[in-house]
Every structure is written in structure tokens, then in C-alpha cells.
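The values are calculated or read from the model by the stated rules, or taken from the named source; none is laboratory data. Just so we're clear, the structure is a prediction, and the values are computed from it rather than from any experiment. Note that each Cβ is placed from the backbone with ideal geometry, even for glycine, and that neighbours are counted across all protein chains shown. Calculation scope for accessible area: heavy atoms of the full protein, side chains included, ligands and nucleic acids excluded. Shrake-Rupley method; radii C 1.70, N 1.55, O 1.52, S 1.80 Å.
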Amino acid sequence: MSHRSLSAEHVAFAYHGASDTLIDVDIEMAPRSRVALLGANGSGKTTLLRILAGSLRPSRGTVSLDHTPIKYGRAGLRTHRQNVQLVLQNPDDQLFSADVRHDIAFGPANLGLNTDEILERVDEAMRLLSLTDLADRPAHELSYGERKRVTIAGAMAMRPCVLLLDEPTAGLDPAGVAEMFQALERLEESRTTVVLSTHDAALALDWASSVAIVEGGTVRQGDPGELLGNASLLAAARLAAPWSLELAAKLARDGFLPQSLRPRNVSEVHASIAAHALRHGGRV
């Protein structure tokens with residue numbers, strides 16, 4: 001699916017009667033990348049996702065797919081939304097059909113596809129999101145995490161190149177978060193670029209290939225270890241530092257690890273400590 005880049009250049013936007021939410025935003029989602037969008041509540045993360053999806057038109061700047069700007073007429077937006085799909089934070093905002101199968105089929109049916117093509121897309125999306133056994137269940141009987149997976153499956157049935165997820169882990173327990181990321185791994189196997197917003201810097205550090213931090217109406221995008229290790233930037237964006245970077249910094253101050261290490265998760269922290277111990281004749 002994913003063979004297109006999605007980008008925004010010099011984007012600005014303000015809601016009616018409000019000061020600018022976004023002032024001058026540049027962001028790029030390369031094909032088959034993992035991009036985590038971080039920022040405080042009210043920073044403009046959801047607004048930016050809506051702009052990238054074509055749901056909002058920026059007051060200035062451009063959103064482009066493969067360096068071709070969006071056309072905001074009906075035909076242009078229809079084409080854009082076949083390539084870029086947005087899943088909102090609350091699944092109940094996007095679920096309205098009698099059962100799971102019909103909900104997932106809604107988007108493809110509105111593309112005017114024939115019945116066989118619609119069924120193929122629905123079956124594929126249910127398989128990717130582990131929903132096949134729930135196909136005939138009413139959405140209101142599903143758990144919160146299951147309903148979130150149904151909304152993502154509905155987006156996937158459109159076969160987008162880029163999938164935008166607004167706080168996909170919000171409201172999920174740890175098992176639900178693990179289940180969600182297993183589903184995202186299956187989506188990546190189908191060559192889908194995933195962009196998600198989150199407040200969880202540790203999650204972003206572990207998962208993303210690129211992070212974009214929304215702060216002061218602009219975006220800083222770059223390497224997860226570099227940006228999420230920037231204490232002043234995190235403070236300005238009201239984000240907590242990832243625990244693995246905090247632990248690595250303390251161990252480095254005590255001489256147990258090199259200053260340059262930026263472990264992303266438990267496994268990398270353990271590997272770094274074990275390697276240091278072996279170099280110095282110790283044991284883990």
C-alpha cells in the first residue's frame with residue numbers, strides 16, 4: 001500500500017475567534033516510516049492530524065502527497081482520503097453500523113466498489129486487526145479496545161498509504177496497548193505508513209523511527225533519541241522524559257555507561273549494562 005510520502009510545509013491554522021493554534025509547521029512522513037506526534041493537551045496535535053487528512057484546510061501553507069499539493073475540491077479530497085485515513089481518539093465517534101462487518105464495509109461501499117471487492121477488503125482488514133471472530137457482533141457489545149480496532153479496520157479497508165491515529169492507546173490497559181501495537185505491526189507488514197499522536201514519550205522512543213514534537217505552534221521533527229533527550233524541549237512541550245533515557249543519564253553520571261548511549265527500551269538498557277560489565281570484567 002505505502003509508496004507515497006505525506007508532508008506539510010509552512011502550515012498555519014487558527015479556529016474562529018482564537019489565536020493561532022499552528023503558526024509555521026513543517027513535517028514529513030516518509031513511506032513505511034513510523035512517526036510519533038507528541039505535545040501537550042491543546043498544542044494542536046489533533047488539529048495537525050485533521051489538516052494532514054484533509055479534514056481541515058490550513059490558513060497558510062500546503063499539505064502534499066508525493067510533493068503534489070492537496071486539491072480541496074470534492075474530487076481532490078476524495079482522492080486524498082483514499083490515500084490518507086484518520087482514526088479519531090474516541091471510537092464511538094466513527095462507529096454507527098449494525099455490526100462489525102458492515103461498519104468496516106462502509107468506506108469501501110462509498111467508493112462504489114463491487115460487492116466482491118468490498119468483501120475482499122473487509123475480510124483483509126478484519127484479518128489484519130484480529131476481528132474475524134467478531135464480524136457479526138454489534139459494536140456496542142465490544143470492549144473499548146475492540147471498538148478501537150474496528151475503527152482502524154474501517155480505515156484500513158480503504159487501503160490507505162498513510163494511516164493517522166489520534167491517541168490510539170488512550171483508555172487502554174497495558175494488555176490493550178500491547179494488542180494495539182501487535183495490530184500496528186501487522187499493518188506495517190501490509191506496507192502502511194503509521195503516524196500516531198501520544199503523550200507517552202517512552203512509547204514514542206521505543207516505537208517510532210521519527211518523532212515530531214508540537215510546541216509553541218511549530219513542530220520539531222527528528223531522531224527519537226536526540227529530541228526526546230532534549231530536556232529543555234520536553235519541558236517547553238510539557239512532556240515527561242522517557243524513563244530509559246533518564247536511567248541511562250544517571251548511570252552515565254555514575255560511570256556505568258558511556259554518555260552517548262540513548263537506549264530506547266528495557267532490552268537496550270539491559271544490553272548496555274551487560275556490555276559495560278563484561279568490558280570491565282564484571283557480571284550482570
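List of remarks:
- Note on the stretch 38-65: among residues that are open to solvent by 60 Å² or more (accessible area, probe 1.4 Å) and of a type in the set (Lys, Arg), the one that is nearest to residue 11 (Cα to Cα) is 60.
- Counting residues in the stretch 198-211 that are among the charged types (D, E, K, R) and either surrounded by 18 or more Cβ atoms within 10 Å (Cβ to Cβ) or in contact with a strand residue (DSSP E or B) (Cβ under 9 Å, 6 or more places away or on another chain) (or both) gives one or more.
- One residue alone among 95, 37, 49 is out of contact with any His (no Cβ under 8 Å at 6 or more places or on another chain), part of a helix (DSSP H, G or I) and among the hydrophobic types (A, V, I, L, M, F, W, C), and that residue is 49.
- Contact map, the stretch 72-101: first residue under 15 Å from residue 160 (Cβ atoms) and among the charged types (D, E, K, R), second residue assigned to a helix (DSSP H, G or I) and open to solvent by less than 70 Å² (accessible area, probe 1.4 Å), Cβ cut-off under 8 Å, separation 6 or more or different chains; pairs are 81/53.
- When 141, 167, 188, 179 are screened for being in the same structural domain as residue 53 (by the TED database) and without any contact (Cβ under 8 Å) to a residue 24 or more places away in the chain, only 141 passes.
- Residue list for the stretch 225-241, restricted to those being farther than 15 Å from residue 40 by Cα, in contact (Cβ under 8 Å) with a residue 24 or more places away in the chain and assigned to a loop (DSSP other than H, G, I, E, B): 229
- So residue 240, is it under 20 Å from residue 207 (Cα atoms) and not aromatic (Phe, Trp, Tyr): yes
- Residues located in the stretch 106-118, provided they are assigned to a helix (DSSP H, G or I), open to solvent by less than 80 Å² (accessible area, probe 1.4 Å) and without any contact (Cβ under 8 Å) to a residue 12 or more places away in the chain: 109, 117
- Failed item in (1) out of contact with any Asp or Glu (no Cβ under 6 Å at 6 or more places or on another chain); (2) open to solvent by 60 Å² or more (accessible area, probe 1.4 Å); (3) assigned to a loop (DSSP other than H, G, I, E, B), with residue 89 passing the rest: (1)
- Of everything listed in (1) under 29 Å from residue 12 (Cβ atoms); (2) in a helix (DSSP H, G or I), the single unmet condition for residue 246 is (1).
- Here 272, 244, 267, 260 are screened, and the one residue that is more than 22 Å from residue 214 (Cβ to Cβ), in contact (Cβ under 8 Å) with a residue 40 or more places away in the chain and either surrounded by 13 or more Cβ atoms within 10 Å (Cβ to Cβ) or not assigned by the TED database to the domain that holds residue 40 (or both) is 244.
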